[in-house]
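What follows is a single structure, written as structure tokens, with notes after it.
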Amino acid sequence: MRTTILLCLVVMATAQSERDAEILRNDFQIDPEEGTYQADMETSNNIRMRSSGISYKGDQPETGSVYVEGESSWITPEGKTVLLKYTSDEGGYVPVVSIS
């Protein structure tokens, strides 16, 4: 869920000047039996997102935990590449950002 929100914020921030960007790849796979998913997306204006996760069932209904890892990257107006890698689980969201 946080990945989706982050991706939406990134897309909204760049949408002002890049309205003509196209989605080049938007792959999403889910395995309900295993409780896993994988997502992969890329746009023509160099926004990329990859995410995967697994859901662990708990003892009671509506309990359990989720582990998610992924990364997003985009190019700033100044031409720098921002890479956001993250993990998220019951311990919290752990982002690591690099700019080159």
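The values are calculated or read from the model by the stated rules, or taken from the named source; none is laboratory data. Just so we're clear, the structure is a prediction, and the values are computed from it rather than from any experiment. A quick note on method: Cβ atoms are made from the backbone with ideal geometry, for glycine too, and the neighbour counts reach across all protein chains shown. All accessible areas refer to the heavy atoms of the entire protein, side chains included, with ligands and DNA or RNA removed. Shrake-Rupley method; radii C 1.70, N 1.55, O 1.52, S 1.80 Å.
You will find that of Val66, Val96, the residue that is modelled with pLDDT of 95 or more and open to solvent by 70 Å² or more (accessible area, probe 1.4 Å) is Val96 and no other. If the condition is being open to solvent by less than 50 Å² (accessible area, probe 1.4 Å), within 19 Å of Ser88 (Cβ to Cβ) and not in a strand (DSSP E or B), then the range 38-63 contributes only Gly58. What number of residues within the range 69-93 are of a type in the set (D, E, K, R) and open to solvent by less than 30 Å² (accessible area, probe 1.4 Å)? Residues meeting the conditions: 0.
Listed by first and then second residue, the pairs linking a residue in the range 55-82 that is free of Cβ contacts under 8 Å to residues at least 12 places away in the same chain to a residue that is of a type in the set (S, T, N, Q) and open to solvent by 50 Å² or more (accessible area, probe 1.4 Å), with Cβ atoms under 9 Å apart and 6 or more places separating them unless they lie on different chains, are Gly64/Ser55.
The C-beta contact set for the range 19-34 (first residue modelled with pLDDT of 90 or more, second residue in a strand (DSSP E or B), distance under 6 angstrom, 6+ apart or interchain) comprises Ile23/Thr43; Leu24/Glu42; Arg25/Glu42; Asn26/Met41; Asp27/Asp40; Phe28/Ala39; Gln29/Gln38; Ile30/Tyr37.
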